[in-house]
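Worksheet: one structure, shown below.
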Amino acid sequence: MKSKIPTHPLNKSFSKFEEQDRNIIIADFDDRSKIYDRQYPHRHTYYEIFLLQDSSGIHHIDFEAYPFSGPVLFLTAPEQVHQLIREKGGHGFAIQFEDDFFNNDSETDSRLYSYFLFEHFQTHPVIPLNEAEWDKLKTLVDLSLQEYKNNVAGTSSLISAYVKIILMEILRIRKQHFQEQEVKTDIQHQHLLNFKRLLNEQYTAHHEVQDYAEQLRITPRQLNSLVKQFLDKSASQIIKERLLLEARRLLALNNLSTKEVGYELGFEDPAYFSRFFKQGIGMTAAEFKKSIQDIG
């Protein structure tokens, strides 16, 4: 099926590097005299850190609306449907990188960033910044951008190091803003990461907490306790939210019927899926599709 919402790949033509493993773009922009032109629903094949100063508007990310004003940080992951509506232009930076930016790193901590900053469990993809936070992030991005524009030996390693520092600083800022638990590499976090990975791989096949607990070799009660501790939700709620997110994406992006979407997600009974969707979203699938068409 043809997607209704365009998907943008990482545009490597902007890179001055000729290395085959080039997997990151860093750019600054200043469009204070105009409105940013990508104001329509779209998605990426890459991760993006987007820093914006002196602007305001609403960022719709996976069908949730996030109003913003003043310095702000946006975090978007591959396949997330989002629409940035800005009331005016501004000054800012974009850091874009593909999944192999994390996969090529042997450090466990680096992989944690992709799971805790850019994943479907996160509830804070839009982070307002105070002046001190903006200044610190701007300094770090300026340094990485300066290195990005140099084509000398060792540049790639330095860029990677700068971006990791930026990710660490974002984790610190988000933890302070939202009183989040600190990311660690202990066994509890590893169980949480593995649950997230399994869920993203198997949500169409497995809808029950027990299915994932068995693979993690812990009890359903232990998995629920773990998820509650770090995400303040039950494991069953996380599974339900993942299914509802994908249902909305399928309904918004493809010309699929409600019945077809249900089958795609592993629901054998169309009536049960319809009830599941309405209970979770607060409207029928048909009403949701109309609401998306009205926005687009």
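The values are calculated or read from the model by the stated rules, or taken from the named source; none is laboratory data. Being a predicted model, the structure only gives us computed values, none of them experimental. All Cβ positions, even for glycine, are placed from backbone atoms using ideal geometry, and neighbour counts span all protein chains on display.
Within the range 72-94, the set of residues being in contact with an Asp or Glu (Cβ under 7 Å, 6 or more places away or on another chain) and either without any contact (Cβ under 8 Å) to a residue 12 or more places away in the chain or among the hydrophobic types (A, V, I, L, M, F, W, C) (or both) comprises Ala77, Val81, Phe93, Ala94. Given the criteria closer than 23 Å to Ile61 by Cα, in contact with a helix residue (DSSP H, G or I) (Cβ under 7 Å, 6 or more places away or on another chain) and surrounded by fewer than 17 Cβ atoms within 10 Å (Cβ to Cβ), does Gly262 qualify? Here the answer is no, as Gly262 does not meet what is asked.
Exactly one residue among Arg221, Arg217, Arg197 is under 23 Å from Leu117 (Cβ atoms), charged (D, E, K, R) and outside the structural domain of Ile61 (by TED's automatic domain parsing), and that residue is Arg197. Looking only at residues in the range 91-108 that are of a type in the set (Phe, Trp, Tyr) and part of a strand (DSSP E or B), the one that is modelled with the highest pLDDT is Phe93.
For the range 146-258, give me every one of the helices (runs of 4 or more DSSP H) that falls completely inside it and has 1 or more residues that are in contact with a Phe, Trp or Tyr (Cβ under 7 Å, 6 or more places away or on another chain) and farther than 24 Å from Glu133 by Cα. Walk me through how you get there before you give the answer.
Numbers: elements: 155-178, 187-202, 209-216, 220-231, 235-253.
Here the list reads 187-202, 209-216, 220-231, 235-253.
Note on the range 175-222: among residues that are in contact with a Lys or Arg (Cβ under 7 Å, 6 or more places away or on another chain) and of a type in the set (Asp, Glu), the one that is modelled with the highest pLDDT is Glu180. Does Phe121 count as at pLDDT 70 or above and either crowded, with 19+ Cβ neighbours inside 10 Å or not in a strand (DSSP E or B) (or both)? For Phe121, the condition - at pLDDT 70 or above and either crowded, with 19+ Cβ neighbours inside 10 Å or not in a strand (DSSP E or B) (or both) - is not met.
In the range 184-202, the residue that is farthest from Leu167 (Cα to Cα) out of those that are crowded, with 19+ Cβ neighbours inside 10 Å and in contact with a helix residue (DSSP H, G or I) (Cβ under 7 Å, 6 or more places away or on another chain) is Leu199. Which of the residues spanning the range 244-259 are under 26 Å from the mean Cα position of the chain (by Cα) and either more than 14 Å from Phe63 (Cβ to Cβ) or without any contact (Cβ under 8 Å) to a residue 12 or more places away in the chain (or both)? If the condition is that a residue be under 26 Å from the mean Cα position of the chain (by Cα) and either more than 14 Å from Phe63 (Cβ to Cβ) or without any contact (Cβ under 8 Å) to a residue 12 or more places away in the chain (or both), then Asn254, Asn255, Leu256, Thr258 are the ones that fit. For Phe273, are the conditions met, namely being outside any helix (DSSP H, G or I) and more than 24 Å from His60 (Cβ to Cβ)? Taking the combined requirement at face value, the residue does not satisfy it.
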